[in-house]
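Only one structure is covered here, and it is reproduced in the block below.
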Amino acid sequence: MKRIYAQEKYCIGCRLCEIYCAAVHSEYPDDLVKAFKKAAMVPTPRVKVEEERPLSFALQCRHCEEPHCLKACITGAMYRDEETGAILNDKERCVGCWTCILVCPYGAIFKDEITGKVVTKCDFCLHMGQPACVEHCPNGALQLKEEGGDE
């Protein structure tokens, strides 16, 4: 399975990964300006930049082999996509109990700031083919690679 790897030595903390993530999950996924200026609400980014100068890196779901969030989800809203192996969240089934947030060892699941009632997390931008954060990282600090491999 492919995973997104953050290389902090290349991250400059520009937060473009957060911006493009929010934009591609908005009502204007192909227009960055409209996503932030015309959208009723800009979605919560599914990636967060952690920063403690001089160190910074992007944090997103690791799509674990043994995901604690999947086991802890009381409604079955967290599930593994059989085709890609990605751990996804069904917002219709999520009741906002926040158990998945509590058990995630990486802190990579977030409260959806728009609804305040469900969680949001990296979905690998499965609708795009390549994650927006990886595609738009100016320094290549985020890379999509096969787990344990070079590609």
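The values are calculated or read from the model by the stated rules, or taken from the named source; none is laboratory data. As the structure is a computational prediction, the values presented were derived from the model and not from experiment. When we count neighbours, we look across all protein chains shown, and the Cβ atoms used for this are built from the backbone with ideal geometry, even at glycine.
From the list Val42, Val49, the lone residue that is assigned to a strand (DSSP E or B), assigned by TED's automatic domain parsing to the domain that holds Cys17, of a type in the set (A, V, I, L, M) and under 30 Å from Cys11 (Cα atoms) is Val49. For Glu50, the criteria (1) within 17 Å of Leu144 (Cβ to Cβ); (2) modelled with pLDDT under 95; (3) in contact with a strand residue (DSSP E or B) (Cβ under 8 Å, 6 or more places away or on another chain) hold in every case but one, which is (1). Cys104 meets all of the listed conditions (1) within 21 Å of Val42 (Cα to Cα); (2) in contact with a helix residue (DSSP H, G or I) (Cβ under 6 Å, 6 or more places away or on another chain) but one, namely (1).
Is at least one residue of segment 14-24 aromatic (Phe, Trp, Tyr), assigned to a helix (DSSP H, G or I) and crowded, with 18+ Cβ neighbours inside 10 Å? Within segment 14-24 (the criterion being aromatic (Phe, Trp, Tyr), assigned to a helix (DSSP H, G or I) and crowded, with 18+ Cβ neighbours inside 10 Å), the answer is yes, since at least one residue qualifies.
You will find that of Val118, Val95, Val103, the residue that is under 22 Å from Cys21 (Cα atoms) and either among the β-branched types (Val, Ile, Thr) or touching a residue at least 60 places away in the same chain (Cβ under 8 Å) (or both) is Val118 and no other.
Starting from residues that are assigned to a helix (DSSP H, G or I) and either under 13 Å from the mean Cα position of the chain (by Cα) or on the phi > 0 side of the Ramachandran plot (or both), keep the ones in segment 102-151 and report whichever is surrounded by the most Cβ atoms within 10 Å (Cβ to Cβ). If we take residues in segment 102-151 being assigned to a helix (DSSP H, G or I) and either under 13 Å from the mean Cα position of the chain (by Cα) or on the phi > 0 side of the Ramachandran plot (or both), then Cys133 is surrounded by the most Cβ atoms within 10 Å (Cβ to Cβ).
Out of Arg80, Arg3, one residue alone is touching a residue at least 12 places away in the same chain (Cβ under 8 Å), out of contact with any Cys (no Cβ under 9 Å at 6 or more places or on another chain) and buried (at least 16 other Cβ atoms within 10 Å of the Cβ). It is Arg3.
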